[in-house]
Every structure is written in structure tokens, then in C-alpha cells.
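Trainee: Below you will find the structure I want to go over with you.
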Amino acid sequence: MDPIAELGLCFGIAILLILLLQRFIREILRLWKQQNVIEVAPRILLPISTCPVCDGRLESHLMTRHLIVTHDMEVEKAAELVEVMRSENAQSEE
């Protein structure tokens, strides 16, 4: 093979390797950033409420289940209590 052709082949392979390495690094960084966002997001998005019975703190979307399971409250009564708590929170935020 002619030396100029070998040099061109080497440059071609080098460019392909650089592009492949660049793509690999971008993919790793994308996955790493996505993982960090997943770890941070729930803390930001989930509001915390205080249980009116035991003064425990938990996520608002778990309050009805907490009242039913932990405090043996009837479903309707727990739902009404959570609805009152949510309306009070909405009024206090305004």
C-alpha cells in the first residue's frame, strides 16, 4: 500500500475513534445528569404535611393512607380531614 493511502487511512480511523469517544462521553454525561435530576426532583416537588392526630410529618399525598392505616380512621372521615387540610393550606398560601 502506498504511504499516502496509509496516512489517509490512519487519519480516517483516528477521526472515527474520536467521534466514537465523544459520543460515549456525551452519553455518560447525559445519564449522570439525568440520575442527579431524579435524585433531587422528589424533594422539590412533594409538599410535606403534618398529621393532625400524631403531629408526624409526611408527604401530603400519603396523608389519607396514614390516617386510615396508622390511626384506624374510617375512609370517609380521613378523606374529609385531608380535604379540610388541603383547603386550609390553599387559603394560607393566598
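Trainee: Could you tell me whether ARG23 is part of a helix (DSSP H, G or I), more than 30 Å from GLU88 (Cα to Cα) and modelled with pLDDT of 85 or more?
Mentor: yes
Trainee: Moving on. Return the pair list, or none, for Cβ contacts closer than 7 Å from residues in segment 67-94 that are at positive phi and in a helix (DSSP H, G or I) to residues that are of a type in the set (Ser, Thr, Tyr) and surrounded by fewer than 11 Cβ atoms within 10 Å (Cβ to Cβ), at least 6 apart or on different chains.
Mentor: none
The values are calculated or read from the model by the stated rules, or taken from the named source; none is laboratory data. Please read these numbers as outputs of a predicted model, since none were measured by experiment. When we count neighbours, we look across all protein chains shown, and the Cβ atoms used for this are built from the backbone with ideal geometry, even at glycine.
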